[in-house]
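See structure below.
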Amino acid sequence: MIKKLQRKIKKVFRELLLYHNSSLEYRAKLLTLIVSVNREISPCEEELLYKTACEIYNNDEDRAEILVEAVREYFNKIITNNGLDFEHLVFQVEKETKEVKRFAQKINISQLEKFQRCIYNGDDKIYQQRVISFLERLKRENYR
C-alpha cells in the first residue's frame with residue numbers, strides 16, 4: 001500500500017523528485033515507440049519492458065517501475081489519441097536527440113531488438129524493425 005502511494009506521488013511529481021528526469025522521459029519515449037507499433041502491449045512486451053527497465057537502472061526497482069509507468073502513460077496517450085500520436089512521438093525523439101546529444105548514447109539497439117520476439121504479425125514486425133533502424137540511424141548521426 002505504501003509503495004503504491006509512493007509510486008503515485010513520484011508519478012505526479014516526477015519532474016521535481018527524480019534525478020535526471022529528462023533522461024528517464026527520453027528512455028520512456030524510446031521504449032514506447034518500440035512497444036506501440038502494434039497498438040497494444042502484450043504480456044511478452046510487458047515482461048520484457050520491466051526486465052529492460054531493471055537492466056537500464058541496475059535493478060533499482062523504484063526507478064524501473066517509474067520508467068515502466070512513464071511508458072504506459074505515453075502508450076495510453078497514443079492509443080486514446082490524447083494529445084500524442086505515434087508520428088508526433090517519433091518527431092519528439094528525433095528533436096530531443098538532436099538537441100541533447102548525450103541522449104543518443106541512451107539508444108541501445110540490442111535492448112530494443114529484443115522486443116522483436118514479442119511480435120508475431122509479419123507487418124508489425126517489419127514496422128518495428130523500421131523504427132529500430134530509424135533509431136539506429138539517429139544514434140549514429142548524433143552520437144559523439
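The values are calculated or read from the model by the stated rules, or taken from the named source; none is laboratory data. In this text the structure is predicted, and so the values were computed from the model without any measurement. For neighbour counting, all protein chains shown are included, and Cβ atoms are generated from backbone atoms with ideal geometry for every residue, glycine included. Remember, those area values only see protein heavy atoms, side chains included, never the ligands or the DNA or RNA. Shrake-Rupley method; radii C 1.70, N 1.55, O 1.52, S 1.80 Å.
Quick rundown of the values:
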{"item": "FRET E, pair E136, E55, Förster distance 25 Å, beta-carbon r, rounded to 0.05", "result": "0.85"}
{"item": "Whole-number percent relative contact order across the chain, with pairs defined as alpha carbons under 8 Å at least 6 apart", "result": "28"}
{"item": "The chain: most fluctuating residue of L30, L48, L67 per GNM, C-alpha cutoff 10 Å", "result": "L48"}
{"item": "Those aspartates and glutamates that a straight Cα-Cα span of less than 16 Å connects to K77, excepting residues fewer than 8 apart in one chain", "result": "E25, E40, E69, D85, E87"}
{"item": "Computed magnitude of the charge dipole of the stretch 18-58 (debye, nearest 20; Cβ of K, R +1, Cβ of D, E -1)", "result": "160"}
{"item": "Quotient of C-alpha Rg and 2.2 N^0.38 Å, computed over the stretch 33-80", "result": "1.11"}
{"item": "Isolated Cys in the chain, by beta carbon distance under 4.7 Å", "result": "C54"}
{"item": "Per residue accessible area in Å² of the chain, where ligands, DNA and RNA are left out and the probe is 1.4 Å", "result": "59"}
{"item": "With at most 14 other Cβ atoms within 10 Å, longest stretch of the chain clear of loop chymotrypsin sites (Phe, Trp or Tyr not before Pro) (DSSP)", "result": "20-119"}
{"item": "Charge dipole magnitude, Cβ of K and R +1, D and E -1 - the stretch 77-130, Cα centre, debye nearest 20", "result": "300"}
{"item": "Segment E99-F86, length gained on full extension (0.36 nm per residue, minus Cα span)", "result": "2.7 nm"}
{"item": "Positive-pole candidate from V90, Q128, N58, dipole of the chain, charges at beta carbon", "result": "N58"}
{"item": "Cα coordinate range in the stretch 41-117, projected on the principal axes (Å, largest first)", "result": "31, 29, 26"}
{"item": "With every protein chain in place, the chain: carbon and sulfur % of accessible area (1.4 Å)", "result": "50"}
{"item": "Assigned charges on the beta-carbon of Lys, Arg, Asp, Glu; the chain dipole about Cα centre (debye)", "result": "380"}
{"item": "Debye intensity ratio in log₁₀ form over the Cα atoms of the chain, taken at each q of 0.13 Å⁻¹", "result": "-0.55"}
